Amino acid sequence: MRKKQEMNVIGEFTSDFGHYKIIETEDKSKTLFSGHYDEACHSLTGAVEETIHNYVLGCEVPSRLKNFTPFNILEVGFGLGIGVITTIDYLIDNNLNTPLHFVSLEIDQALIEWSKDNLSFKSKSFKLWENLKLEQIDDLKYYQGTFNNVTLTVLIGDARRTLPLALDKKVIPEFHAIYQDAFSPKKNPTLWTVEWFKDLKKVAHDDVILSTYSASSSVKKSLVEASWKIEKASGFGPKRSSTKGRLVGEMSEEVKLNLSRSPITPVFDSDL
Ligand SMILES: C[S@@+](CC[C@H](N)C(=O)[O-])C[C@H]1O[C@@H](n2cnc3c(N)ncnc32)[C@H](O)[C@@H]1O
C-alpha cells in the first residue's frame with residue numbers, strides 16, 4: 001500500500017491493541033504508523049492531501065452533496081480521524097453546508113479517544129467532537145455526536161461484525177460515498193474480500209461511489225465479483241492509479257479487457 005519513504009517520527013503511544021508512532025507527513029499533517037498492522041495510515045507524501053484526493057474528490061463529494069439530504073459517507077477505518085476532519089473542514093472551507101452523516105468503522109477504540117484529545121480540537125468541527133458520546137445497543141458499541149448539520153457515528157469493533165449488526169439495528173443509513181481505507185490487502189486482508197465488498201453493497205445507495213487508494217488486481221477482481229462496476233482513477237503521490245466502484249452503469253471496454261487478461265483471481269474469505 002504505502003511505498004517505503006523516510007518516516008518523520010514526532011511521538012508515540014500504546015493502546016491495548018498495539019503501539020503507534022506519530023508521523024509528520026510532507027504536507028505537515030500527521031498520520032500514525034501502526035505496530036499491530038506494521039503500516040502507516042496514510043501516504044507519507046501527505047495525509048490530508050491524500051484524503052482530499054482519494055476520498056473527498058475521489059467520491060465526488062462536493063459535486064454530489066446537493067443530490068441527497070443528508071449526504072451519507074461510510075469510512076472503512078477511522079484511524080486518527082483524518083478522513084472525518086478533512087472532509088468536514090473541506091466542506092466548511094468551500095461553503096458546502098448540506099446536512100451530512102459520516103459513519104466510520106474502527107477496531108481500536110483508543111484511537112477515537114486519542115483523536116479527540118490530540119487532533120480534533122484544531123479542526124473546524126471541534127464542537128462536534130465535544131458532543132461525541134459512547135452509546136450501546138445490545139453488543140453494538142458506537143460513538144455518536146451531532147453539531148449543526150453534521151452527525152458523526154463511529155462503530156467500535158471488527159467491521160466485519162459491526163457493519164452488518166448496525167444495518168440490522170438501523171443505526172446506519174444508506175451510503176452515497178464509501179471511503180475504502182483499510183490497511184493494505186496484505187496486512188488487513190479481511191477488509192478486501194468478495195464477502196466484504198458484498199457487505200458494502202448491502203449498505204450502499206444505488207447512486208454510490210466507492211473509492212480506494214488500492215489499484216491491485218486482486219482488489220479489482222474482488223470488487224467485480226461482488227457486483228461493483230470499477231473504473232481506474234488517478235493515484236496520489238507515488239501511486240500511479242487508484243480505483244473507484246459504482247453499482248450502476250457499465251465498465252469501460254479497457255477495464256474489461258485488462259481484467260480479462262489478468263490471471264489474478266478474486267479473494268474470498270475462505271482463501272484467508
Ligand atoms: C489506513 S487506517 C485508516 C486511516 C483513516 N481513514 C484516517 O484518515 O485517519 C486503517 C484503520 O482501520 C482499522 N481497522 C483495521 N482492521 C479493522 C477491522 N477489522 N475493523 C475495523 N477497523 C479496522 C485500523 O485500526 C486503522 O485505524
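Values computed for the structure shown
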{"item": "Label-point separation, residue 28 to residue 269 (7 Å along Cα→Cβ), nm", "result": "4.6 nm"}
{"item": "Sites residue 232 and residue 63 - FRET efficiency at Förster radius 22 Å, r taken between beta-carbons, to 0.05", "result": "0.70"}
{"item": "From phi via Karplus (6.51, -1.76, 1.60), per-residue ³J(HN,Hα) for the range 16-30 in Hz, x at Gly/Pro", "result": "4, 7, x, 9, 10, 9, 8, 10, 8, 8, 5, 8, 6, 7, 9"}
{"item": "Computed label-point distance, nm, for sites residue 257 and residue 8 using a 7 Å Cα→Cβ extension", "result": "4.3 nm"}
{"item": "The chain: DSSP helices with Cα axial extent of at least 15 Å and average Kyte-Doolittle hydropathy no lower than 1.0", "result": "82-93"}
{"item": "Alpha carbon centroid spacing (whole Å) that separates the range 211-272 from the range 103-151", "result": "31 Å"}
{"item": "Helical mean residue ellipticity (222 nm; -39500 (n - 2.57) per DSSP H run of 4+; nearest 500) of the chain", "result": "-7000 deg cm²/dmol"}
{"item": "Cα pair distances of the chain binned at 10 Å [whole percent]", "result": "7, 31, 39, 20, 3, 0"}
{"item": "Within the range 248-272: backbone nitrogen closer than 20 Å to the residue 38 label point (7 Å, Cα to C-beta)", "result": "272"}
{"item": "Longest to shortest principal axis, alpha-carbon extents of the range 1-85, angstrom", "result": "41, 28, 20"}
{"item": "The range 234-251 - phi-based ³J(HN,Hα) in whole Hz, Karplus 6.51/-1.76/1.60, Gly and Pro as x", "result": "6, x, 10, x, x, 7, 6, 9, 9, 10, 10, x, 9, 9, 10, x, 10, 7"}
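FYI, it's all coordinate maths here, none of it is from the lab. Bear in mind the structure is a predicted one, so any value in this text is a computation, not a measurement. Cβ coordinates were reconstructed from backbone atoms using ideal geometry, including for glycine residues, and neighbour counts include every protein chain displayed.
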